[in-house]
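K.L.:
This is the structure I want to talk about, given as structure tokens.
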Amino acid sequence: MRIVISGAGPAGLYFAYLMKKSQPSRDITVIEQNAPDDTFGFGVVLSGRALSFLSDADPAIVEHLLKHMQTWSDQHIVLNGQRIVIDGSSYSAISRLVLLEQLQKLCASIGVKIDYRQRVGDPSLARECDVFVGADGANSIVRDAFPQAFGTEIVDLKNYFAWYGVKRPYPAHTLTFIENNGGAFCGHHYRYTPDMSTFVAEMDAATWRSSGFGAMNDDERRKSSEVIFAEPLGGLPLVDNRSLWRHYRIIKNSRWHHENIVLIGDALRTAHPSIGSGTRLAIEDSIALWRALEAEGTDISAAFARYQREREPVRDKLNRAAERSIAWYEDMRSKMQMHPLDFAWDYMMRTGIMTPERLERECPQFMAQYRAHAD
Ligand SMILES: Cc1cc2nc3c(=O)[nH]c(=O)nc-3n(C[C@H](O)[C@H](O)[C@H](O)COP(=O)(O)OP(=O)(O)OC[C@H]3O[C@@H](n4cnc5c(N)ncnc54)[C@H](O)[C@@H]3O)c2cc1C
């Protein structure tokens, strides 16, 4: 079987690795427009559940990655300077570059060919292989060549954000909400190496206009963010790596395959980071597509149909959670008027997935504090 994959991000690399490992005779090529060490972003978060998913597919990879990960068991929610600790969460983060390096090494060790600095201009390569995988991210050329066949829908959300880094190791995954000159701002920050953290800065649409961010260039936006987030940044500068301010963009496709072409990862569906990282979802898509191809053998259309049938309900559940979470963030300005404990409770309940019983079980210390306040 000849497989060509467009894009050597987490989705493309992990899919290539699983396919080659389970059947070494498969001829697999990944085509990547960038150089191997040319990446954007800082640290990516993987939940305990995501790691166990990865471990089910291949325990060796988790062992490999854990050596490079930072883990924490608390989440902190800070509202206008008041910190609420949510105990009982299990999350890890890894540098995106290190994750890609590890996946590249695994692929190379079993003979996956990766062609760097080659751009896929259109999906005509699909004619030269049995399976052509669009793993080329949110701006997928493969997907955009067949918008009707894939049933592509793109929605721009209202809030604005940018991914930065900061040379500061936070003790926990932290959400810092700040009111500044009538504007509503949120920083999502977590460490991914012993001395480095991701810092995602976000604001609602009204703040984008009233704070003047809309009229600034990205350099001015970074400098203004350093002033607004001076407290959680400890006065340190934000590190820029193609850190452009933009809207979140939700991409959906009603059909996940077309002829011998199939989509995975951000090319298929983007996610709001507040319900788990896009990296985790991308890797889970790779596992689902690999499992479907293993189950159906050379019957590609049956495998693609199985992939969508089995993975879509899980993705749909996350999508519904994401939509509720997005609505919560778009309304954060009014939420921020609450008492910090009510605010933290509201945040934890925002997706409809968490129940009061589960919070009692998983976050007993937070719940004791919350009940004492509510009584
Ligand atoms: C700027 C930015 C920063 C981010 N930072 C973080 C972060 O710090 N933490 C976090 O958890 N998540 C982050 N994310 C989200 C996360 O990176 C994605 O959800 C995740 O990487 C999806 O994996 P993927 O393999 O589907 O796509 P991607 O990681 O986007 O990989 C797609 C690959 O395809 C390649 N490609 C694209 N078009 C072509 C083409 N025509 N020909 C050949 N190759 C092509 C790209 O160069 C890229 O290597 C960030 C996203 C963006 C856009």
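The values are calculated or read from the model by the stated rules, or taken from the named source; none is laboratory data. The shown structure was predicted, so the numbers you read here are calculated from the model rather than taken from an experiment. Every residue, glycine among them, receives a Cβ derived from its backbone with ideal geometry; neighbour counts consider all protein chains shown. Just so you know, the surface numbers come from the protein's heavy atoms only, side chains and all, with ligands and any DNA or RNA stripped out. Shrake-Rupley method; radii C 1.70, N 1.55, O 1.52, S 1.80 Å.
K.L.:
Go through (1) near the ligand (Cβ under 10 Å from one of its atoms); (2) touching a residue at least 12 places away in the same chain (Cβ under 8 Å) one by one and return the number of the condition ASN139 breaks.
P.N.:
(2) is the only condition that ASN139 fails.
K.L.:
Please report, ordered by residue number, the helices (runs of 4 or more DSSP H) entirely within the stretch 330-375 with at least 2 residues that are touching a strand residue (DSSP E or B) at 6+ places or on another chain (Cβ under 6 Å). Don't jump to the end; show me each part of the working.
P.N.:
On the way: elements: 332-335, 340-348, 356-362, 364-374.
So the answer is 332-335, 340-348.
K.L.:
Which pairs have Cβ atoms under 7 Å, sit 6 or more apart or on different chains, and link a residue in the stretch 316-330 that is touching a residue at least 60 places away in the same chain (Cβ under 8 Å) to one that is open to solvent by 60 Å² or more (accessible area, probe 1.4 Å)?
P.N.:
Note: pairs meeting the criteria are GLU330/LYS158.
K.L.:
Checking ASP58 against (1) open to solvent by 10 Å² or more (accessible area, probe 1.4 Å); (2) more than 16 Å from the ligand (Cβ to nearest atom): exactly one of these is not met. Which one?
P.N.:
With (1) open to solvent by 10 Å² or more (accessible area, probe 1.4 Å); (2) more than 16 Å from the ligand (Cβ to nearest atom) applied to ASP58, the lone miss is (1).
K.L.:
Read through the list (1) surrounded by 14 or more Cβ atoms within 10 Å (Cβ to Cβ); (2) out of contact with any helix residue (DSSP H, G or I) (no Cβ under 6 Å at 6 or more places or on another chain); (3) among the polar types (S, T, N, Q), then give the number of the only condition that ASN159 fails.
P.N.:
(2)
K.L.:
Would you be able to say whether some residue in the stretch 292-306 is within 16 Å of the ligand (Cβ to nearest atom) and either more than 30 Å from GLY182 (Cα to Cα) or aliphatic (A, V, I, L, M) (or both)? Steps first, please.
P.N.:
Taking the stretch 292-306 as the starting set, the residues that turn out to be within 16 Å of the ligand (Cβ to nearest atom) are none.
Within the stretch 292-306, none of the residues are within 16 Å of the ligand (Cβ to nearest atom) and either more than 30 Å from GLY182 (Cα to Cα) or aliphatic (A, V, I, L, M) (or both).
K.L.:
Another question about this same structure. Test each condition in (1) open to solvent by 50 Å² or more (accessible area, probe 1.4 Å); (2) closer than 20 Å to SER197 by Cα; (3) not assigned by TED's automatic domain parsing to the domain that holds GLN118 for ASN80 and report the one that comes out false.
P.N.:
Checking ASN80 against (1) open to solvent by 50 Å² or more (accessible area, probe 1.4 Å); (2) closer than 20 Å to SER197 by Cα; (3) not assigned by TED's automatic domain parsing to the domain that holds GLN118, the one that fails is (2).
K.L.:
Counting just the residues of the stretch 1-55 that are more than 13 Å from ASP136 (Cα to Cα), of a type in the set (S, T, N, Q) and open to solvent by 20 Å² or more (accessible area, probe 1.4 Å), which one comes out nearest to the ligand (Cβ to nearest atom)?
P.N.:
THR39
K.L.:
Scanning for something touching a strand residue (DSSP E or B) at 6+ places or on another chain (Cβ under 6 Å) and within 16 Å of the ligand (Cβ to nearest atom), does the stretch 213-225 turn up at least one residue?
P.N.:
Of all residues in the stretch 213-225, those touching a strand residue (DSSP E or B) at 6+ places or on another chain (Cβ under 6 Å) come to 225.
Narrowing the set further to residues that are within 16 Å of the ligand (Cβ to nearest atom) leaves 225.
Among the residues of the stretch 213-225, at least one is touching a strand residue (DSSP E or B) at 6+ places or on another chain (Cβ under 6 Å) and within 16 Å of the ligand (Cβ to nearest atom), which makes the answer yes.
K.L.:
Could you check, for the stretch 89-111, whether at least one of its residues is open to solvent by less than 50 Å² (accessible area, probe 1.4 Å), of a type in the set (Phe, Trp, Tyr) and part of a strand (DSSP E or B)?
P.N.:
No, the stretch 89-111 has no match at all.
K.L.:
Does the stretch 29-48 contain any residue that is assigned to a helix (DSSP H, G or I), outside the structural domain of ASP195 (by TED's automatic domain parsing) and under 18 Å from TYR307 (Cβ atoms)? If you could, list the steps in order and put the result at the bottom.
P.N.:
Going through the stretch 29-48, the residues assigned to a helix (DSSP H, G or I) turn out to be 48.
Remaining after also requiring outside the structural domain of ASP195 (by TED's automatic domain parsing): 48.
Going one step further and asking which of them are under 18 Å from TYR307 (Cβ atoms), we end up with none.
The answer is no, given that none of the residues of the stretch 29-48 is assigned to a helix (DSSP H, G or I), outside the structural domain of ASP195 (by TED's automatic domain parsing) and under 18 Å from TYR307 (Cβ atoms).
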